[in-house]
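Taking it in order: structure first as structure tokens, then the write-up.
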Amino acid sequence: MRHKRVGTHTLGGLLLLGWSVASHCQPLPQGPDAGSSSYSAQSARLPVEQVARKLQERNLQRAAALGEFNGTRIYRMQYRGFPSDRDAEMIVSVTYHAPNSKEFRVVSETGSKFIIDRVFKKLLEGEQEAANDENRRNTSLSTENYDFTSAGYEVTPDGAQYVLNLLPRNKNKFLYRGKIWVDAKDFAVVRIEGEPAKNPSFWIKKTEVKHRYVKVNDFWLPAENHTESVMRLGGRAVLSIDYKDYRITKAAPVRSGETAREDSK
């Protein structure tokens, strides 16, 4: 009985692992950059405080512009460890309505019923929780929630990127510590690597999270999510989410802060 109970707790850690990445599934609706024509003038490296401020401002502007989109997600998890190995996959159709409503429709599910019900579906519930106004404010990439420091500047085939260190100001379960890569033209998050600010479960020893974003029309939306956790009893869980078939059905033009200031002169 003791081993059965511990095994349940260990697999229950997968549920909390799902909660730990719920906010990371949120789209960072970073879209049309009306000020992109001034990129050449901005090509000189900016101080980290200014990069963080522009990132925060553009996120707010672009979130207001993104009205609706449809897409497909493929959730996969592999668990290797005590009491048994488990695998599962679930395909979900998603419809987003601004400002914080999402409709989920399960297209198919295969594999472990425990993972499907206690991880994948709880992930969808956690995403709804993270999307309410208060949680969006408390988990946004803002100077209220994070301390930003410079970690470098990279020139890639896709353009220049600022690399920023993230240090959470509190242990909110939806925050994380690590690094973000910010497109130097759009001031949009391209990539995230880190770990939850708060350990999602005693049974989870370490969690590493990686996300990648893709530009769809004029908006940056999640492309891949890869989360790997090591359990205290020696098991390992790998959760991946692939985002595909995006279709933006409603969006408004964006007036950047620079454009608004120029028009007011």
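The values are calculated or read from the model by the stated rules, or taken from the named source; none is laboratory data. If you're wondering where the values come from, they're calculated on a predicted model, not measured in any experiment. Heads up, the Cβs are rebuilt from the backbone with ideal geometry, glycines too, and the neighbour counts pull from every protein chain shown. For the accessible areas, the whole protein counts, side chains as well, though only heavy atoms, and no ligand, DNA or RNA atoms are used. Shrake-Rupley method; radii C 1.70, N 1.55, O 1.52, S 1.80 Å.
Just to be sure I understand the filter: pairs with C-beta atoms under 7 Å, separated by 6 or more residues or on different chains, first member in segment 34-53 and over 16 Å from Ala151 (Cα atoms) and assigned to a loop (DSSP other than H, G, I, E, B), second member modelled with pLDDT of 75 or more and polar (S, T, N, Q). Which pairs pass?
none
Output the number of residues of segment 183-196 satisfying the condition of being open to solvent by 10 Å² or more (accessible area, probe 1.4 Å) and either in a loop (DSSP other than H, G, I, E, B) or hydrophobic (A, V, I, L, M, F, W, C) (or both).
So the answer is 2.
Would you check which residues across segment 85-96 are without any contact (Cβ under 8 Å) to a residue 40 or more places away in the chain and part of a strand (DSSP E or B) and list them? Write out each step before concluding.
Start the filter on segment 85-96 by keeping residues that are without any contact (Cβ under 8 Å) to a residue 40 or more places away in the chain, which leaves 85, 87-95.
Of everything in segment 85-96, those that are without any contact (Cβ under 8 Å) to a residue 40 or more places away in the chain and part of a strand (DSSP E or B) turn out to be Asp87, Ala88, Glu89, Met90, Ile91, Val92, Ser93, Val94, Thr95.
Looking at (1) assigned to a strand (DSSP E or B); (2) more than 24 Å from Asp242 (Cβ to Cβ); (3) over 20 Å from the mean Cα position of the chain (by Cα); (4) not hydroxyl-bearing (Ser, Thr, Tyr), can you tell me which one Leu167 breaks?
With (1) assigned to a strand (DSSP E or B); (2) more than 24 Å from Asp242 (Cβ to Cβ); (3) over 20 Å from the mean Cα position of the chain (by Cα); (4) not hydroxyl-bearing (Ser, Thr, Tyr) applied to Leu167, the lone miss is (3).
Which of the numbered conditions does Phe174 fail, given that it passes all the others? Conditions: (1) open to solvent by 50 Å² or more (accessible area, probe 1.4 Å); (2) at pLDDT below 90; (3) not basic (Lys, Arg).
Evaluating Phe174 over (1) open to solvent by 50 Å² or more (accessible area, probe 1.4 Å); (2) at pLDDT below 90; (3) not basic (Lys, Arg) leaves (1) as the failure.
For segment 48-68, what are the residues that are farther than 19 Å from Gln161 by Cα and open to solvent by 10 Å² or more (accessible area, probe 1.4 Å)?
Leu60, Gln61, Ala63, Ala64, Gly67, Glu68
Name every residue in segment 97-135 that is part of a helix (DSSP H, G or I), under 19 Å from Arg62 (Cα atoms) and more than 16 Å from the chain's Cα centre (by Cα), in order of residue number. Working first, answer last.
Kept after step one, since they are part of a helix (DSSP H, G or I), are these residues of segment 97-135: 113-130, 133-135.
Among the residues that remain, those that are also under 19 Å from Arg62 (Cα atoms) are: 130, 133-135.
Those that are part of a helix (DSSP H, G or I), under 19 Å from Arg62 (Cα atoms) and more than 16 Å from the chain's Cα centre (by Cα): Asp133, Glu134.
So which of Phe82, Phe104 is in contact with a helix residue (DSSP H, G or I) (Cβ under 8 Å, 6 or more places away or on another chain) and in contact (Cβ under 8 Å) with a residue 40 or more places away in the chain? I'd like the intermediate steps shown before the answer.
On the way: Phe104 fails: in contact (Cβ under 8 Å) with a residue 40 or more places away in the chain.
Answer to the check: Phe82.
Residue under question is Glu154, and the condition is that it be surrounded by fewer than 21 Cβ atoms within 10 Å (Cβ to Cβ) and at pLDDT 95 or above; does it hold?
On the way: surrounded by fewer than 21 Cβ atoms within 10 Å (Cβ to Cβ): yes; at pLDDT 95 or above: yes.
So Glu154 passes the test.
Those residues that are within 29 Å of Lys250 (Cβ to Cβ) and either open to solvent by less than 60 Å² (accessible area, probe 1.4 Å) or of a type in the set (Lys, Arg) (or both), I need them from segment 88-103; list them, please.
Taking segment 88-103 first, the residues within 29 Å of Lys250 (Cβ to Cβ) are 90-103.
Hits for segment 88-103 are Met90, Ile91, Val92, Ser93, Val94, Thr95, Tyr96, His97, Ala98, Asn100, Ser101, Lys102.
Just one of (1) outside any helix (DSSP H, G or I); (2) open to solvent by 30 Å² or more (accessible area, probe 1.4 Å); (3) touching a residue at least 24 places away in the same chain (Cβ under 8 Å) trips up Ser142, so point out which.
Answer for Ser142: the failing condition is (2).
Every residue in segment 206-221 that is crowded, with 16+ Cβ neighbours inside 10 Å and in contact with a strand residue (DSSP E or B) (Cβ under 7 Å, 6 or more places away or on another chain), please. Steps first, please.
At the first step, the residues of segment 206-221 found to be crowded, with 16+ Cβ neighbours inside 10 Å are 207, 209-213, 215-216, 218-221.
Thr207, Val209, Lys210, His211, Arg212, Tyr213, Val216, Phe219, Trp220, Leu221 - these are the residues of segment 206-221 that are crowded, with 16+ Cβ neighbours inside 10 Å and in contact with a strand residue (DSSP E or B) (Cβ under 7 Å, 6 or more places away or on another chain).
For segment 158-171, which residues satisfy the criterion of being among the polar types (S, T, N, Q), open to solvent by 20 Å² or more (accessible area, probe 1.4 Å) and farther than 13 Å from Phe148 by Cα? Explain how you work it out, then say what you get.
The first filter runs over segment 158-171 and keeps only residues among the polar types (S, T, N, Q), leaving 161, 165, 170.
Among the residues that remain, those that are also open to solvent by 20 Å² or more (accessible area, probe 1.4 Å) are: 165, 170.
Across segment 158-171, the qualifying residue is only Asn170.
Report whether or not Lys210 is in a strand (DSSP E or B), out of contact with any Lys or Arg (no Cβ under 8 Å at 6 or more places or on another chain) and not aliphatic (A, V, I, L, M).
Numbers: in a strand (DSSP E or B): yes; out of contact with any Lys or Arg (no Cβ under 8 Å at 6 or more places or on another chain): no; not aliphatic (A, V, I, L, M): yes.
It is false that Lys210 is in a strand (DSSP E or B), out of contact with any Lys or Arg (no Cβ under 8 Å at 6 or more places or on another chain) and not aliphatic (A, V, I, L, M).
Can you pull out every residue in segment 139-197 that is touching a helix residue (DSSP H, G or I) at 6+ places or on another chain (Cβ under 8 Å) and under 14 Å from Lys210 (Cα atoms)?
The answer is Leu175, Tyr176, Val189, Ile192, Pro196.
Would you mention how many residues in segment 224-233 are under 24 Å from Gly178 (Cα atoms) and open to solvent by 50 Å² or more (accessible area, probe 1.4 Å)? Quick ask: steps written out before the conclusion?
Taking segment 224-233 as the starting set, the residues that turn out to be under 24 Å from Gly178 (Cα atoms) are 224-232.
Filter once more, so that each one left must be open to solvent by 50 Å² or more (accessible area, probe 1.4 Å): 224, 226, 228, 232.
Residues in segment 224-233 being under 24 Å from Gly178 (Cα atoms) and open to solvent by 50 Å² or more (accessible area, probe 1.4 Å): 4 in total.
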